[in-house]
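Below is one structure, written out as structure tokens; comments come after it.
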Amino acid sequence: MEKLIFGAGKLGVELTPGQLGKFQVYFHDLVEWNKRINLTRITDYEDVQLKHFLDSLTVLSAVRLTDGLRVIDVGTGAGIPGIPLKIVSPGIKLTLLEATGKKAAFLEHIINRLGLDGVELVTGRAEELGHDAAYREKFGLVLSRAVAPLPAAVELTLPFCELGGLCIALKKGDIKEEIQRSLRAIDAMGGRIREVKPLALEGLNDTRYLVIIEKLKPTPPQYPRRPGLPVKRPVLS
């Protein structure tokens, strides 16, 4: 895991042997399960280290994950970025939200396989769970990666964020227009962009960003709208 060790070091994270062992198991089981269900297009050993594991850890360049912090990873898929962050910050209270049952089965397997405590797995839609009082505006940090274009993603994520908390969307490529188109939705959900943080990761050709949004006001009760609507008819600037 030299690529991951080197990249994490650049982020100020020194991975322990135990953490590296968990990443090894995670890689192996991800690739094995991917032969049966569609979890990821990325299965090369070095690519997984960089494009999944290290990309997840870039969140640590923007926020400190303190013990007890409630974190939700919306549309987590194969557990990215939530599980890599839990491996290096075991004290956080992590919720993984995934709508697809087969992916949720993998998540349940890997949570148990890695012996991760303080992880809740929820199988469901963000549009529905965002109205559940047990989850709405209950998280200090809300994460999303490859869930939807930003105007839709903010409607799916900001309702979970507590006042004063942060939503971080992991993005790549040319996102200027996407950000511009999302400003109305961010405001409507009670947020404001704090920073668009560029990331330069050695070994990756594309530019990656953290879009960091702070929650200033409660999200109006009509949001998120019914399943599918945030993507089909996003709130656009």
- Task: Search region 81-110 for residues that are within 19 Å of L20 (Cα to Cα) and part of a helix (DSSP H, G or I) and pair each with any residue that is open to solvent by 50 Å² or more (accessible area, probe 1.4 Å) and at pLDDT below 95 when their beta-carbon atoms are under 6 Å apart and the residues are at least 6 apart or on different chains.
- Result: none
- (1) open to solvent by less than 10 Å² (accessible area, probe 1.4 Å); (2) more than 14 Å from the chain's Cα centre (by Cα) all hold for G82 apart from (2)
- Message: Considering only region 103-123, I want to know if a residue exists there that is within 15 Å of the chain's Cα centre (by Cα), surrounded by fewer than 17 Cβ atoms within 10 Å (Cβ to Cβ) and of a type outside the set (A, V, I, L, M, F, W, C).
- Response: yes
- Check region 150-171 and report whether any residue there is at pLDDT below 95 and surrounded by fewer than 22 Cβ atoms within 10 Å (Cβ to Cβ). no
- Checklist (1) touching a Leu at 6+ places or on another chain (Cβ under 6 Å); (2) among the acidic types (D, E); (3) in a helix (DSSP H, G or I) applied to D73, failing item: (3)
- Item | Residue within region 218-227 that is on the phi < 0 side of the Ramachandran plot and in contact with a strand residue (DSSP E or B) (Cβ under 9 Å, 6 or more places away or on another chain) present | yes
- Message: Please go through (1) among the basic types (K, R); (2) within 21 Å of V31 (Cβ to Cβ); (3) open to solvent by 20 Å² or more (accessible area, probe 1.4 Å) for R70 and return the number of the only condition it doesn't satisfy.
- Response: (2)
- Note on the structure: Scanning region 179-192 residue by residue, those within 19 Å of L229 (Cβ to Cβ) and surrounded by fewer than 20 Cβ atoms within 10 Å (Cβ to Cβ) turn out to be R181, R184, D187, A188
- Query: Which of (1) free of Cβ contacts under 8 Å to residues at least 60 places away in the same chain; (2) open to solvent by 30 Å² or more (accessible area, probe 1.4 Å); (3) more than 18 Å from L69 (Cα to Cα); (4) hydrophobic (A, V, I, L, M, F, W, C) does A134 not meet, given it meets every other one?
  - Reply: (3)
- Item | Odd one out for G140, checked against (1) touching a helix residue (DSSP H, G or I) at 6+ places or on another chain (Cβ under 8 Å); (2) more than 30 Å from E2 (Cα to Cα); (3) among the small types (G, A, S) | (1)
- Query: Can you name the number of the only condition in (1) within 29 Å of G203 (Cα to Cα); (2) of a type in the set (A, V, I, L, M, F, W, C); (3) buried (at least 18 other Cβ atoms within 10 Å of the Cβ) that A62 fails?
  - Reply: (3)
- Just wondering, is there one or more residues in region 212-226 that are under 16 Å from T58 (Cβ atoms), outside any loop (DSSP other than H, G, I, E, B) and open to solvent by 50 Å² or more (accessible area, probe 1.4 Å)? no
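The values are calculated or read from the model by the stated rules, or taken from the named source; none is laboratory data. As the structure is a computational prediction, the values presented were derived from the model and not from experiment. Here Cβ is always computed from backbone atoms with ideal geometry, including for glycine, and neighbour counts include all displayed protein chains. Each accessible area value is taken on the protein alone, full model and side chains, heavy atoms only, with ligands, DNA and RNA left out. Shrake-Rupley method; radii C 1.70, N 1.55, O 1.52, S 1.80 Å.
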